[in-house]
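Trainee: Input: one structure, supplied below.
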Protein chains: 2
Amino acid sequence: MTEIEHVDETVESDESAPPADGGFSRRALLGWTGGALVVGAAAAGGVAAAVTDDATPAGPSHGAVAFRGAVQAGIATPVQDRLHFCVFDVVTDDRAKLVRMLRQWTAAAAAMAAGDAIGTGADSGVPESPPDDTGEAIGLPPANLTLTVGFGPSLFTKDGKDRFGIAEKKPEALADLPAFPGDNLDPQRSGGDIAVQACSDDPQVAVHAIRNLARIGFGVVSVRWSQLGFGKTSSTTPDAMTPRNLFGFKDGTRNIAGTETDRLHEHVWVPAGEGPEWMTNGSYLVARRIRMHIETWDRTSLVEQQDVIGRSKGVGAPQGATGEHDPVPLKALPANAHVRLSHPDSNGGATILRRGYSFVDGSDGLGRLEAGLFFLAYQRDPRKGFVPVQQNLAGKDAMNEYIQHVGSALFACPGGVAHADDYWGKALFG
Amino acid sequence: MTEIEHVDETVESDESAPPADGGFSRRALLGWTGGALVVGAAAAGGVAAAVTDDATPAGPSHGAVAFRGAVQAGIATPVQDRLHFCVFDVVTDDRAKLVRMLRQWTAAAAAMAAGDAIGTGADSGVPESPPDDTGEAIGLPPANLTLTVGFGPSLFTKDGKDRFGIAEKKPEALADLPAFPGDNLDPQRSGGDIAVQACSDDPQVAVHAIRNLARIGFGVVSVRWSQLGFGKTSSTTPDAMTPRNLFGFKDGTRNIAGTETDRLHEHVWVPAGEGPEWMTNGSYLVARRIRMHIETWDRTSLVEQQDVIGRSKGVGAPQGATGEHDPVPLKALPANAHVRLSHPDSNGGATILRRGYSFVDGSDGLGRLEAGLFFLAYQRDPRKGFVPVQQNLAGKDAMNEYIQHVGSALFACPGGVAHADDYWGKALFG
């Protein structure tokens, strides 16, 4: 692991050095707080969470999102096009090793988010040693890469054991999700100790990031499960075209926007004093792998499809309305329509920030595509967010004929890495 | 299936109608043969194979590739960023049903390549019927979508039976690939009757295309296996940045370029009189799913990695040379280096056009990412292309310590759909 030790130095010294390959200097990123995309951190009263680089052409694929901030990037950040989500299990009992890895991960994440190689890069350093960076992202801009970390219930206690002396810091909100009617969860795609959500407009960049964290974590963590998503199904930029899920419908029309400071504070960010201190400015992530039976759906009439959703397929207007963004006249929708049942007004105001992605993982051996939605939702407290909404949906949603929840996990995502001495989990372990 | 019957009419009538949603009119596409990307078909003396649309901003994500041509698009076409490859098995004995589906597929493919919806689209037609189009690509440009069809050995004969009266038209070059040392092939990811390669710069567009072909083919074909690729590992545009594979090395530096007419004719396109007539202007596709043990690779020294490949990791220069595109001084490379063993000069001139993609399909249950290369190679005759090269590699390649071939298939891809009455397989079945 000694080859990682100098990562911190490299990253820090980068701030006064030009980028080696025409990429992004950290100085440019962190020095400019007047950019267009000041979202999450600013909303939480902290450092700017996202700025764009002005030295490169406009467009999502050339942007960079600042890694440091009061809140983690990758939550309220405009949703990138591609996802690599990975859940690790810790395979050591050694707390010091785990903390060291989290420091190394943080330094590597900061470098990658800035478009820099990790450490001495892929082709330098000591030739008789493995390179510090695996190399497949050489020459690629970060494409708005964000890396967001979360800690699962099993990291705190497992088989009744306080694994790393942090059991008493486990938030009550991190209680295991209840079983929902219709769940058919695969333990191999559920749970886990530490999650990293890598989002980027370039999948090669997202995969590179996860792969290098796994490499750095060798001997400390092991990949429990991993999910790629090829297309975002919800956006946090309401002025952009609303993306469509694999049912062919617009998804996330009424999602919380990254610019909605008040709604973010009310529904997404954990305020100081709510739960353990280390979760201040954090959020809780629910991940659900939802298999969609698209072949059945595709043989369903347009009328039935629209009744299941509660919106028109083309425009995306709520039934009983004409425009996509019109208020939803709930009583005009069928009683078991998905949009009606999941609406905050049907769930005592429960509201979640969605960030899911479509997936196709080959075929299922039964002549069908293994397709679905990898649902990701952030919220201030899952007991007041995902849980009541899903309890409502699981029993009644007309969509249940066409979907099945096959994986599930919950993570506590701490506040942002605020300064150079901070690292993922410092407030929890430090 | 009646909802598909009008597809042909819709597509044809589109040529004189403006696009409904500001997308691409087929007239604009097919009428302009002066575009920048005249590649495959022109090389074969036919219709222009690829033009770009001038009504939209420059950049790969807004282009469209003409569907019709003397050769199929998606072979010599500049390699797009994303892949959805799908192999179907025919589940009917009814030749007429199969032919009807191939006609329907062709019409749908032509529409999708032009950026049009299939038939009456996703939200019109008869509301009491399933829509003609599943809808998730509404509003998305085709992003250079190409759909390339191939027929596997089992379509011709299976269990000794001439399934559809085409056994005598089976090319000798479509002989089953031999077993290679080290192969560990999963039958669930190998073989199959009909392949469709969907490539696009937008994965949602590629997935939409495969999903709709599967929908149209319901009752005639069933998905045997399917593979998504997130990053191209070879390019056919030598002036562009050479992409990198998951070993972090540049891949395809000496690949056949889409502009190299002579090499395409010598190594890729089947000339008239070579094999059955229906394969004129066609090509043979070898698909190999190659698992890469990236965790082992990542613990290997830079020196060892470069010796395995035979090129430097950063620049990609052959060992003994200084620039990526320098001639490869074969004898300067280690005897078992991958680049040396796979070089045409080490294989009696055998040369293939590569079009592979990196994949990560979650994790393998053993703590590792399920990562690798989905290798796709086109050639005039696999017995003079992939087979001798792989025979050389399978026994000696130093890379074999880090890879394993876990899936394999071979398809005969006919010439292009040349005119409006033509369809995929007409020369074979018609």
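Trainee: Tally time: how many residues in the stretch B:202-221 are facing another protein chain (nearest Cβ under 8 Å), more than 26 Å from B:ARG291 (Cα to Cα) and among the β-branched types (Val, Ile, Thr)?
Mentor: Count: 0.
Trainee: Which count do you get for residues in the stretch B:92-122 that are over 30 Å from B:LYS158 (Cα atoms) and over 20 Å from the mean Cα position of the chain (by Cα)?
Mentor: The initial filter retains those residues of the stretch B:92-122 that are over 30 Å from B:LYS158 (Cα atoms), namely B:110-122.
Cutting the leftovers down to over 20 Å from the mean Cα position of the chain (by Cα) gives us B:116-122.
Total satisfying the criteria: 7.
Trainee: Going by the conditions given, is B:PRO243 buried (at least 22 other Cβ atoms within 10 Å of the Cβ) and within 27 Å of A:THR233 (Cα to Cα)?
Mentor: Against the criterion (buried (at least 22 other Cβ atoms within 10 Å of the Cβ) and within 27 Å of A:THR233 (Cα to Cα)), B:PRO243 does not qualify.
Trainee: Filtering the stretch B:237-246 down to residues that are in contact with a strand residue (DSSP E or B) (Cβ under 7 Å, 6 or more places away or on another chain), of a type outside the set (S, T, N, Q) and assigned to a loop (DSSP other than H, G, I, E, B), which residue is farthest from the other protein chains (Cβ to nearest Cβ)?
Mentor: Here the residue is B:PRO243.
Trainee: Can you find even one residue in the stretch B:341-362 that is within 11 Å of another protein chain (Cβ to nearest Cβ), surrounded by fewer than 22 Cβ atoms within 10 Å (Cβ to Cβ) and among the acidic types (Asp, Glu)?
Mentor: Yes, some residue in the stretch B:341-362 is within 11 Å of another protein chain (Cβ to nearest Cβ), surrounded by fewer than 22 Cβ atoms within 10 Å (Cβ to Cβ) and among the acidic types (Asp, Glu).
Trainee: Which residue, of A:GLY125, A:GLY152, is within 14 Å of chain B (Cβ to nearest Cβ), closer than 29 Å to B:PHE359 by Cβ and of a type outside the set (D, E, K, R)?
Mentor: Result of the check over A:GLY125, A:GLY152: A:GLY125.
Trainee: For residues in the stretch B:184-201 being small (Gly, Ala, Ser) and more than 12 Å from every other protein chain (Cβ to nearest Cβ), which is surrounded by the fewest Cβ atoms within 10 Å (Cβ to Cβ)?
Mentor: Initial filter on the stretch B:184-201 (small (Gly, Ala, Ser)): B:190-192, B:195, B:198, B:200.
Applying the additional criterion that residues be more than 12 Å from every other protein chain (Cβ to nearest Cβ) yields B:190-191, B:195.
Values: B:SER190: 21, B:GLY191: 23, B:ALA195: 25.
Across the stretch B:184-201, the extreme among qualifying residues is B:SER190.
Trainee: Is it the case that A:ARG224 is within 8 Å of chain B (Cβ to nearest Cβ), more than 24 Å from A:ALA114 (Cα to Cα) and buried (at least 21 other Cβ atoms within 10 Å of the Cβ)? Spell out how you get there, then give the answer.
Mentor: Details: within 8 Å of chain B (Cβ to nearest Cβ): yes; more than 24 Å from A:ALA114 (Cα to Cα): yes; buried (at least 21 other Cβ atoms within 10 Å of the Cβ): yes.
So A:ARG224 fits the description; yes.
Trainee: Restricting to the stretch A:257-292, what's the tally of residues that are assigned to a loop (DSSP other than H, G, I, E, B) and crowded, with 17+ Cβ neighbours inside 10 Å?
Mentor: We begin by selecting, within the stretch A:257-292, every residue assigned to a loop (DSSP other than H, G, I, E, B); these are A:257-260, A:268-276, A:280-282.
Then keep just the ones that are crowded, with 17+ Cβ neighbours inside 10 Å; that gives A:257-260, A:268-270, A:275-276, A:280-282.
Within the stretch A:257-292, residues that are assigned to a loop (DSSP other than H, G, I, E, B) and crowded, with 17+ Cβ neighbours inside 10 Å number 12.
Trainee: Tally time: how many residues in the stretch B:274-321 are within 14 Å of chain A (Cβ to nearest Cβ), of a type outside the set (Lys, Arg) and free of Cβ contacts under 8 Å to residues at least 24 places away in the same chain?
Mentor: The qualifying residues number 11.
Trainee: Scanning the stretch B:109-123 for residues that are assigned to a loop (DSSP other than H, G, I, E, B) and of a type outside the set (D, E, K, R), which turns out surrounded by the most Cβ atoms within 10 Å (Cβ to Cβ)?
Mentor: Residue satisfying both the conditions and the ranking: B:ILE118.
Trainee: Would you confirm, using the coordinates I've provided, whether A:LEU177 is away from chain B (no Cβ under 14 Å) and either within 24 Å of A:ALA113 (Cα to Cα) or not small (Gly, Ala, Ser) (or both)?
Mentor: Taking the combined requirement at face value, the residue satisfies it.
Trainee: Spot the failing condition for A:ARG100; the list is (1) assigned to a strand (DSSP E or B); (2) farther than 30 Å from A:THR253 by Cα, and only one is missed.
Mentor: Going through the list (1) assigned to a strand (DSSP E or B); (2) farther than 30 Å from A:THR253 by Cα, A:ARG100 breaks only (1).
Trainee: Taking the residues in the stretch A:129-146 that are within 10 Å of chain B (Cβ to nearest Cβ) and either surrounded by fewer than 24 Cβ atoms within 10 Å (Cβ to Cβ) or polar (S, T, N, Q) (or both) as candidates, determine which candidate is farthest from B:ARG244 (Cα to Cα).
Mentor: Ranking the candidates gives A:SER129 first.
Trainee: Test A:ASP93 against the stated conditions and say whether it is in a loop (DSSP other than H, G, I, E, B), more than 20 Å from A:VAL196 (Cα to Cα), away from chain B (no Cβ under 13 Å) and acidic (Asp, Glu).
Mentor: Against the criterion (in a loop (DSSP other than H, G, I, E, B), more than 20 Å from A:VAL196 (Cα to Cα), away from chain B (no Cβ under 13 Å) and acidic (Asp, Glu)), A:ASP93 qualifies.
Trainee: Only one of (1) within 14 Å of chain B (Cβ to nearest Cβ); (2) farther than 24 Å from A:PRO243 by Cβ; (3) crowded, with 22+ Cβ neighbours inside 10 Å fails for A:GLY372. Which number is that?
Mentor: (2)
Bear in mind these aren't lab numbers, they're just calculated from the coordinates by the rules spelled out. Note that the coordinates shown come from a computational prediction; the quantities given were computed from them, not determined experimentally. Note that we place each Cβ from the backbone using ideal geometry, even for glycine, and neighbour counts take in every protein chain shown.
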